[in-house]
Amino acid sequence: MISPALQQLFDAPPRDFGPTPLWWWSGAEVTREQLAWQLRRFADGGVHNLVVINLAPAGPAFGARTDDPPWFGEEWWDRFTDTYRIARDIGTRLWFYDQIGFSGANVQGTVTRRHPEATGRALRYRRATVTGGTVALRGAETLVAAYDLEGRRLPVAPDIPAAEGTDVRLVVAVPTAFDYLDPHAVGLLLDAVHHEYDRRVPEYGPDPVLNLGRVCGSVSVVVDGECVGEGFCPPYRFQLPGTAGRLVRLEVTVNNTLALCLAEATPPPGPSRPSSRRGCWGR
């Protein structure tokens, strides 16, 4: 027999489980009036989750003209802030696409121009001829190692001990593009995009998330008398919409649990037995 609470989720699923289409800010001038009208039309049609994405953020792309206003420019941020304000008023959740994958924004290129140390390095292998105890390097190559044609490694400093005109095998390092394996470089990339949202619209940041951790049973979470979520299997993570930075009454009820504890979310547990348990907290 299906749980009545679970049946209710299928009969009236929360907005979080609704469609989340890509909302392209491209193809024509994006105005405040147009965004407000589209937001309300989406909501009227049952769409309460939208992903803001740009097709041509840094110039014409895929047959589309450059986005107007340009992505991440001051006017774009004005539009984004206006949109977030309206979305909150009508109960719509906005997501942002960071333009790092599919995009002509080339954020990575901007980062490496400003921070050359964020450029990756690749190893290349080629043959070369010893001249005057050394070999000629090409462009931005850095010599890593040299080997004779039999595969024996040769010293490279101060000179390569090989006869004039001898062919050797070289391993060289060359600069490539953005270094996704370097934590410092990735930090710069996140700062350029994700943290810019934090700086520009801190009041519209993500809702707090309640993580109940190790729980067995069915869970319901109520904020200020309104149910914000129910769960029937791990992970028990619940977003708390509209609670950032304010004091709320939070109620967590766990039914028919055999868990010895509710992680850090509850007071010290009692004996393990089937039960209904509830806790209230404020923040």
*Could you count how many residues in the range 163-194 are over 25 Å from Gly73 (Cβ atoms) and surrounded by fewer than 17 Cβ atoms within 10 Å (Cβ to Cβ)?*
15
*Examine the range 88-99 for a residue that is part of a strand (DSSP E or B), exposed (fewer than 13 other Cβ atoms within 10 Å of the Cβ) and of a type in the set (Gly, Ala, Ser), and state whether such a residue exists.*
no
*Can you run down the residue pairs with Cβ atoms below 7 Å, 6 or more apart or on separate chains, where the first is in the range 78-105 and at negative phi and the partner is among the basic types (Lys, Arg) and in a helix (DSSP H, G or I)?*
Arg79/Arg32; Asp82/Arg32; Ile90/Arg40
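Before we move on, is Tyr147 surrounded by 11 or more Cβ atoms within 10 Å (Cβ to Cβ), within 30 Å of Ile86 (Cα to Cα) and hydroxyl-bearing (Ser, Thr, Tyr)?
Values: surrounded by 11 or more Cβ atoms within 10 Å (Cβ to Cβ): yes; within 30 Å of Ile86 (Cα to Cα): no; hydroxyl-bearing (Ser, Thr, Tyr): yes.
So Tyr147 does not fit the description; no.
Out of curiosity, is Thr20 in contact (Cβ under 8 Å) with a residue 40 or more places away in the chain, out of contact with any helix residue (DSSP H, G or I) (no Cβ under 6 Å at 6 or more places or on another chain) and β-branched (Val, Ile, Thr)? Outline the logic, then answer.
On the way: in contact (Cβ under 8 Å) with a residue 40 or more places away in the chain: yes; out of contact with any helix residue (DSSP H, G or I) (no Cβ under 6 Å at 6 or more places or on another chain): yes; β-branched (Val, Ile, Thr): yes.
In short, yes.
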*Within the range 25-71, can you find the residues that are closer than 20 Å to Ile90 by Cβ and open to solvent by 70 Å² or more (accessible area, probe 1.4 Å)?*
Arg32, Glu33, Trp37, Arg40, Arg41, Asp44
*Tell me, which residue of the range 183-217 that is at pLDDT below 80 and in contact with a helix residue (DSSP H, G or I) (Cβ under 7 Å, 6 or more places away or on another chain) is farthest from Tyr84 (Cα to Cα)?*
Gly205
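The values are calculated or read from the model by the stated rules, or taken from the named source; none is laboratory data. Bear in mind the structure is a predicted one, so any value in this text is a computation, not a measurement. Here Cβ is always computed from backbone atoms with ideal geometry, including for glycine, and neighbour counts include all displayed protein chains. Just the protein is used for accessible areas: all its heavy atoms, side chains included, with ligands, DNA and RNA removed. Shrake-Rupley method; radii C 1.70, N 1.55, O 1.52, S 1.80 Å.
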